[in-house]
1. Could you list, in sequence order, all residues of the range A:142-181 that are at pLDDT 90 or above and not in a helix (DSSP H, G or I)?
2. For the structure I just gave you, tell me whether B:Gly165 is modelled with pLDDT under 90 and closer than 20 Å to A:Asp136 by Cβ.
3. Among the residues of the range A:164-197, how many are surrounded by fewer than 20 Cβ atoms within 10 Å (Cβ to Cβ) and within 18 Å of A:Gly84 (Cβ to Cβ)?
4. Take the range B:36-64 and flag every residue that is modelled with pLDDT of 80 or more and of a type in the set (A, V, I, L, M, F, W, C).
5. Looking at B:Ala118, B:Ala154, can you tell me which residue is part of a helix (DSSP H, G or I), touching a Leu at 6+ places or on another chain (Cβ under 6 Å) and not aromatic (Phe, Trp, Tyr)?
6. Just a yes or no: is a residue in the range B:128-148 part of a loop (DSSP other than H, G, I, E, B) and either of a type in the set (A, V, I, L, M, F, W, C) or within 11 Å of another protein chain (Cβ to nearest Cβ) (or both)?
7. Would you please name the residue that is farthest from the other protein chains (Cβ to nearest Cβ), looking only at residues in the range A:88-130 that are of a type in the set (Val, Ile, Thr) and more than 21 Å from A:Asn148 (Cα to Cα)?
8. So which residues in the range A:239-268 are over 27 Å from A:Val48 (Cα atoms) and surrounded by 15 or more Cβ atoms within 10 Å (Cβ to Cβ), if there are any at all?
Amino acid sequence: MNMSNIISTEQLTAHINEVADSILAPALNTSSIEVNNVTVSFKTPKGVYTAVKEISLTVQKGEIISLIGHSGCGKSTLMGTISGMVKPSAGEVYANGKKVTSPGPDRGIVFQNYSLLPWLTVYKNIYEAVDSVLADKPAAEKRELVENNLKMVNLWEHKDKLPGQLSGGMKQRVAIARAFSINPAILLLDEPFGALDALTKSSMHVELLKLWNLDNRDKTIVMVTHDIEEAIFLSDRVVVMNNGPAATIKEIVEVPLPRPRNKKDIVHSPEYMLIHDKLLNLLIDKFSIEDMV
Amino acid sequence: MKNIFSIKTLWSVLYFVAGMALIGGIWELIAHFTKNEIPSPRATWVVFKEVMHNPFQNDPDYKGIGVKLLSSLARVGIGFGLGSIVAIPLGLLMGSSRIVMNIINPIVQLLRPVSPLAWFPLGLAIFQDSPKASIFMIFICALWPTVINTAFGASSISNDHKNVGKAYGFSTWKYITKIMLPSTLPHIITGLRLSIGVAWMVIVAGEMLSGGIGLGYFVWEEGFNGGSVAKILVAIIIIGVVGLLLDKCFTWLQKKFSYAV
């Protein structure tokens, strides 16, 4: 009998605990994103520039949160650490239980400038992303993913058009479809509607929530925005940042308004008005010419 | 739609005719003031018809103008082709890597100002063969515009596009084929267009040195060996028209590959 095959009771218990933990962990761990004491600094010709300093934030699975603040307050930088496009100078970020070191298929990104490749059709733009992230899947499955997501954003008829032939709103819908099609657990939107007119923006909010609902509100969404109304309408929590440099979190405002939210009705809700006022006070200090004394 | 098309083309034709009439007028004046040393447009037209007679006749003692033209074009084609095969990858490398750029760029800047004709004797020494030396000369001169423009294009790929590759984990191959090359292509075509222009100019000068049966040698024969000035003018017109057509090809390519963002 081979003696090395016999393990001790301690080793056996430890092994069983490990297995049990790994089975239970997904159920117990509901935090989707953990930002631990993150600082981001850049070397510039004029010295070291600290964009964000010692920021900690936890986002639960299925939450929608907005990062809001003045221009240059580091919100895009902070989101960059979650997406993996920016490396923290100190601290770490965990997403879906894993440490973030680079962009990955579990986090979909929508950029402010759509960033569609102008020489590829709408269809190909999404297909290449799917092909790159889900390389091992069969081609038929990839094609199905592209088709489903394009249909979800009502752009299937435009699948052979080039981005240059689309309006801003349509381009952003393609970008969103692209992010959704790799089925990430986390969706990161960097001022996705900033370049759109107010009317298009408004319908895009509803579109985004529709897509989120279609997925059983499973996806965690982090959005950077300047727009207070947008932040309140979409989010469960609004993270207000201080002005940069070395920006930190000023306050996190809860938005416990019930879903589904209605654009027309919500503005009459007293709770909405309280939250709106609170955010205005946090972000703006001059409300009329009388404040400019 | 058809109406707009014919009015637009009508105007472009009118502008073209106006331009030709202008230069024709100046030409007539020059012919008049040089007492027909420089032949008038009408006299040149007679010679033109004579030259264009049997353009593709290929006898040992008489080669038609078409044969000469094709001979020049062939040499340009080979030199330009080889030059492009070397210049495009080199430009892409230079644009993508700071290190390669810093090493190769000084060499480019050093060799670029050298007159094409100076490369001919070098080619002769290497290949011991006139036609090959001509091609060598074209090859060297066709490199520079393509290398420089390609390098510029490859180094100025928009960050927005690079971010797509980063965000969606594009492999190196996918990055090169779906982001770098399409983004750089308009610049490559610009470079090629400039290179073909240079190559076409150089072949005419080069053939004067190398002999052979091309258009350049034709000009040399008529011009420097006491032939007909009218024939020189005919050659100039043909060279100009061919150059224009070559340029138009690349302009068409440029339009085909430019994208609205």
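The values are calculated or read from the model by the stated rules, or taken from the named source; none is laboratory data. None of these values were measured; they are calculated from a predicted model. Cβ sites come from the backbone with ideal geometry, for glycine too, and all protein chains shown count toward neighbours.
1. A:Leu155, A:Lys159, A:Asp160, A:Lys161, A:Leu162, A:Leu166, A:Ser167, listed by residue number.
2. Working: modelled with pLDDT under 90: no; closer than 20 Å to A:Asp136 by Cβ: yes.
Answer is no for this residue.
3. 2
4. Hits for the range B:36-64 are B:Ile38, B:Ala43, B:Trp45, B:Val46, B:Val47, B:Phe48, B:Val51, B:Met52.
5. On the way: B:Ala118 fails: touching a Leu at 6+ places or on another chain (Cβ under 6 Å).
Being part of a helix (DSSP H, G or I), touching a Leu at 6+ places or on another chain (Cβ under 6 Å) and not aromatic (Phe, Trp, Tyr) holds for just one of B:Ala118, B:Ala154, which is B:Ala154.
6. no
7. Restricting attention to the range A:88-130, the residues satisfying the condition of being of a type in the set (Val, Ile, Thr) are A:93, A:100-101, A:109-110, A:121-122, A:126, A:130.
With the extra rule that they be more than 21 Å from A:Asn148 (Cα to Cα), the set shrinks to A:93, A:100-101.
Values: A:Val93: 16, A:Val100: 13, A:Thr101: 12 Å.
Per the stated criteria, the residue is A:Val93.
8. From the range A:239-268, those over 27 Å from A:Val48 (Cα atoms) are A:252-268; that's our starting set.
Scanning the range A:239-268 gives A:Val253, A:Val255, A:Leu257, A:Arg261, A:Ile266.
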